[in-house]
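Here the structure comes first, spelled out in structure tokens, and everything after it is commentary.
The values are calculated or read from the model by the stated rules, or taken from the named source; none is laboratory data. These figures come from a predicted structure and were not determined experimentally. Please note: Cβ atoms are built from the backbone with ideal geometry, for glycine as well, and neighbour counts cover all protein chains shown. Just so you know, the surface numbers come from the protein's heavy atoms only, side chains and all, with ligands and any DNA or RNA stripped out. Shrake-Rupley method; radii C 1.70, N 1.55, O 1.52, S 1.80 Å.
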Amino acid sequence: MKRGGDLAVTVLAGIIAVPLGLLIALLIRATTGGPVIFRQTRTGRHGREFAILKFRTMRDKRHEDEPDAPRITRLGALLRKTSLDELPQLWNVLRGDMGVIGPRPTLPEQVVHYSDRQRGRLAVRPGLTGWAQVRGRNSITWPERIELDLWYIEHHSLALDLRILALTVKVLLRPAGITAAGGVNPGFPAPARPPAPAEPAAARIVLPRQATATAPRLAREELRG
């Protein structure tokens, strides 16, 4: 039933999305060149990985250490603000990788740090929009987003899905929380450092304590929902 609804919504949305997508693709090609579509591996239902599609919003790096913010094009900033960069994900819905409503698909690097409870987020297809998306999006912490997604999975119904669709329209008209401060959502789980193997007492050398390395920051292009 839910899959049938996803296909129906996608086909109806495609009436507008296809010509609009073609126009966006031409504009990206004319202003940035290179590939029009940005592909990235995400984790979907039951942990199956797939390639999510987005319109490209950043130009290539001019040098290795160039930060992400200057690479966002004017067109890319507009696409992000309006969420039109997510339009190609309608193809992901048609393929069955995603649904219209559900938890946003996250990076495998994030999923490996989920607790057993948080892995319940993978029980359903990820969605174009979801309960966490309309309740704060990237402005809230990862633990909060995951809890909202788990609540949705436990309470999902047709009435709730219709409410999320209505709230999504409101969010699209008044965008907020598109990107977290600094490009990284607060509370992103850092990998645990494994304990060092014990050394024989005679061979043990005491060294000054060094600061542990923090988890690497992921690019804005990667972390946006």
Q | Lone unmet requirement of (1) at pLDDT 95 or above; (2) in a helix (DSSP H, G or I); (3) not aliphatic (A, V, I, L, M) for Glu144 | A | (1)
Q. What number of residues within the stretch 104-140 are touching a residue at least 24 places away in the same chain (Cβ under 8 Å) and of a type in the set (Asp, Glu)?
A. 1
**Q.** In the stretch 39-49, the residues that are open to solvent by less than 80 Å² (accessible area, probe 1.4 Å) and touching a helix residue (DSSP H, G or I) at 6+ places or on another chain (Cβ under 7 Å)
**A.** Gln40, Thr41, Thr43, Gly47
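Conditions (1) under 22 Å from the mean Cα position of the chain (by Cα); (2) surrounded by 14 or more Cβ atoms within 10 Å (Cβ to Cβ); (3) not hydrophobic (A, V, I, L, M, F, W, C), marked per residue:
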| residue | (1), (2), (3) |
| --- | --- |
| Asp6 | yes, yes, yes |
| Gly14 | yes, yes, yes |
| Pro19 | no, no, yes |
| Leu22 | no, no, no |
| Leu27 | no, yes, no |
| Thr31 | no, no, yes |
| Arg62 | no, no, yes |
| Asp65 | no, no, yes |
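So that you can scan it fast, the table gives a plain yes or no per residue for (1) at negative phi; (2) open to solvent by 50 Å² or more (accessible area, probe 1.4 Å); (3) among the polar types (S, T, N, Q); (4) modelled with pLDDT under 60:
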site	(1), (2), (3), (4)
Arg119	yes, yes, no, no
Trp151	yes, yes, no, no
Leu160	yes, no, no, no
Ala181	yes, yes, no, yes
Val184	yes, no, no, yes
Thr214	yes, yes, yes, yes
Glu222	yes, yes, no, yes
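Matching residues to (1) modelled with pLDDT of 95 or more; (2) open to solvent by less than 40 Å² (accessible area, probe 1.4 Å); (3) of a type outside the set (Gly, Ala, Ser); (4) in contact with a helix residue (DSSP H, G or I) (Cβ under 9 Å, 6 or more places away or on another chain):
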site	(1), (2), (3), (4)
Lys81	no, no, yes, no
Leu90	yes, yes, yes, yes
Ile101	yes, yes, yes, yes
Gln110	no, yes, yes, yes
His113	no, no, yes, no
Ala123	yes, no, no, yes
Pro126	yes, yes, yes, yes
Q | Flag for Thr10 being under 20 Å from Pro126 (Cα atoms) and modelled with pLDDT of 95 or more | A | no
